[in-house]
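The values are calculated or read from the model by the stated rules, or taken from the named source; none is laboratory data. On a predicted model such as this, the values are computed, not experimentally measured, just so you know. We place every Cβ from the backbone using ideal geometry, glycine too, and count neighbours over all the protein chains shown. Keep in mind that these areas ignore ligands, DNA and RNA; they rest on the heavy atoms of the full protein, side chains included. Shrake-Rupley method; radii C 1.70, N 1.55, O 1.52, S 1.80 Å.
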Amino acid sequence: MKTFNVNIVTPDGPVVDTNVELVSAKAQSGELGIMAGHVPMVAPLQIGAVRLVLGGNTSEVVAISGGFLEVRPDQVTILAQAAEKAENIDVARAKEAQMRAERRLQDKQDHIDFKRAELALKRATNRINVSQGKL
Amino acid sequence: MASLRDIQTRITSTKKTSQITKAMQMVSASKLNRAETNAKSFVPYMEKIQEVVASIALGSKDVTHPMLVSRPVKKTGYLVITSDRGLAGAYNSSILRYVYKKIQERHKSKDEYVVIAVGRVGRDFFRMRGIEAIESITGLPDQPSFADVKEIVRKTVDLFSEGTYDELYMYYNHFVNAIQQDVTEKKVLPLTDIESSGGRLSSYEFEPSAEEILEVLLPQYAESLIYGALLDGKASEHAARMTAMQNATDNAKELISSLTLQYNRARQAAITQEITEIVGGAAALE
């Protein structure tokens with residue numbers, strides 16, 4: 001099958017640079033699957049997992065938070081504020097973050113920024129899910 | 001003339017100081033290395049986002065976004081990037097002097113501007129002049145990751161969107177090389193001067209729409225501009241500190257050698273005097 005180049009770049013450096021057959025990501029408007037020869041486009045992504053099918057049965061999962069996807073004729077770039085490969089995720093830290101966010105949400109104090117706590121929870125949950133292979 | 005012991009004490013203490021400055025210089029040198037690596041790994045992200053922003057914002061003329069439009073300026077925001085600690089030569093003072101001069105030139109009253117301070121030195125500088133920074137961050141790590149600065153960066157961009165200020169300037173030391181750092185002024189918001197690098201790009205399809213993409217993209221772009229400046233500033237800080245400590249060590253060495261000379265002279269004078277006394281005493285006995 002035809003492959004194309006995928007780059008996942010974050011402010012802390014490139015995370016992924018590889019050739020794949022298919023990229024599947026969660027855009028804000030819904031699930032997206034991209035294969036070689038896709039029309040150029042740009043779409044913002046949700047906090048979620050990006051699956052890279054490397055060919056055959058191998059695939060890789062990357063946890064993404066806050067970013068967007070750019071498709072060009074010869075390559076796909078994902079610009080994210082944070083991205084981690086499944087095997088690199090620090091589960092203990094993610095769990096801690098999840099608990100902290102949950103506690104904040106339950107506290108129901110006025111000065112807590114709910115939206116931010118919710119986002120933090122989403123990010124932590126996403127990372128845990130990705131590291132456990134759940135999509 | 002100082003006594004032998006006085007000179008000896010001064011030599012010892014200067015030696016100790018030079019050991020400390022030498023150590024600080026080496027620490028800064030290794031931190032500079034890391035900071036440069038960080039700044040380098042940020043480059044691909046910055047280039048990419050710039051490319052996309054340019055092709056969307058310039059590519060489709062009918063798209064507008066509050067961040068792209070200059071509005072009448074009632075209040076100006078100044079983001080000043082300094083360090084937490086001193087001992088970095090002219091790193092902080094040159095930037096603060098520059099900003100302060102600019103502010104004095106541009107504004108007559110304190111209602112016309114606000115200051116956001118990064119670093120303790122900058123915050124205290126403005127506080128001493130009766131300007132309380134509306135937002136400040138101190139204790140930034142030496143190698144800040146994006147997660148470390150996300151809060152301040154987002155806040156800064158949000159304050160513009162909320163209308164707290166209508167334009168935002170950022171001041172930092174641009175890292176040229178280990179011995180040169182330039183004070184740089186950069187207008188961050190509104191994003192009026194987006195450079196298009198690499199010419200016209202393919203026209204994109206937008207999912208769901210260009211406006212909604214700009215909604216996500218532009219804040220992220222502005223945030224990365226600021227983050228880039230922070231990294232640049234950190235590299236400059238380490239470089240400035242390294243140079244300053246290098247100078248301090250050199251000066252200490254010079255001082256030690258001149259003190260040693262003085263010490264030897266004094267020692268010799270004392271010996272000569274002793275001999276003269278003995279000879280004088282012997283002569284008196286004859």
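Structural remarks
- Think of chain A as having a plus end and a minus end, set by charges on the Cβ of Lys, Arg, Asp and Glu; of A:Val76, A:Ala63, A:Ile8, A:Ala63 sits farthest toward the positive end of this dipole.
- Cα gyration tensor shape of the range A:4-86, rounded if a/c is under 1.5, else prolate or oblate by comparing a/b with b/c: rounded
- Accessible surface buried by the B/A pair amounts to about 2300 Å², both sides summed, 1.4 Å probe.
- In degrees, nearest ten, helix A:91-107 long axis to first principal axis of chain A (Cα): 50
- Potential lengthening between B:Thr138 and B:Asp124 on full extension [0.36 nm per residue; Cα-Cα distance subtracted]: 4.0 nm
- Extreme residue, positive dipole direction of the range B:34-241, given options B:Ala54, B:Ser41, B:Asn177 (C-beta unit charges): B:Asn177
- Mean Cβ count within 10 Å, highest first, over the residues of peptides A:10-20, B:72-82, B:103-113: B:72-82, A:10-20, B:103-113
- The range A:7-34 and the range B:143-182 have Cα centres lying 27 Å from one another.
- Measuring with a 1.4 angstrom probe and ignoring ligands and nucleic acids, B:Met242 comes out at about 40 Å² accessible.
- Within the range B:250-277, backbone nitrogen closer than 12 Å to the virtual label 7 Å beyond the Cα of B:Arg10 toward Cβ: B:255-264, B:266
- Counting Lys and Arg as +1 and Asp and Glu as -1 over every other residue whose Cβ lies under 12 Å from the Cβ of A:Thr18, the net charge comes to -2.
- Think of each Lys and Arg Cβ as +1 and each Asp and Glu Cβ as -1; about the Cα centre, that makes the dipole of chain B roughly 1100 debye.
- Counting only the Cα atoms, the range B:147-286 fills a convex hull of 180 Å³ per residue.
- Accessible area of B:Lys186 in the full protein assembly, 1.4 Å probe (Å², nearest 10): 80
- Computed over protein heavy atoms with a 1.4 Å probe, the carbon and sulfur contribution to the accessible area of chain B reaches 53%.
- Chain B: relative contact order in percent, alpha carbon pairs under 8 Å with at least 6 residues between: 33
- Å³ per residue enclosed by the Cα convex hull of chain B: 157
- Inter-site label distance for A:Asp74 and B:Thr37 at 7 Å from Cα along Cβ, in nm: 3.1
- Other protein chain C-beta atoms within 10 Å of residue C-beta, averaged over A:10-19: 5.
- Shielding score for A:26-37, defined as the mean number of other chain Cβ atoms within 10 Å: 1
- Extension reserve of the B:Ile275-B:Asn247 stretch, reckoned as 0.36 nm per residue once the Cα distance is removed: 5.9 nm
- Average partner coverage of A:40-46, which counts Cβ from other chains inside 10 Å: 6
- When the Cα atoms of the protein assembly as shown are aligned to their principal axes, the ranges along those axes come out at 116, 59, 52 Å in descending order.
- A Förster radius of 45 Å combined with the Cβ-Cβ distance from B:Ile20 to A:Lys95 puts the calculated FRET efficiency at roughly 0.55.
- For B:Val27 and B:His174, the FRET efficiency from 1/(1 + (r/R0)^6), where r spans their Cβ atoms and R0 equals 30 Å, is about 0.85.
- Per the Debye calculation on the range B:72-183 with a single equal scatterer at every Cα and no solvent contribution, log₁₀ I(q)/I(0) for q = 0.19, 0.23 Å⁻¹ amounts to -1.05, -1.44.
- Point-to-point label distance, B:Lys187-B:Asn264, nm (Cα→Cβ direction, 7 Å offset): 6.3
- Prolate/oblate/rounded label for the range B:133-197 (Cα gyration tensor, a/c 1.5): oblate
- Residue-normalised accessible area of the range A:1-52, given per residue in Å² at a 1.4 Å probe: 40
- Rg/Rh, computed from the Cα trace of the range B:13-137 with Rh as the Kirkwood radius, has the value 1.10.
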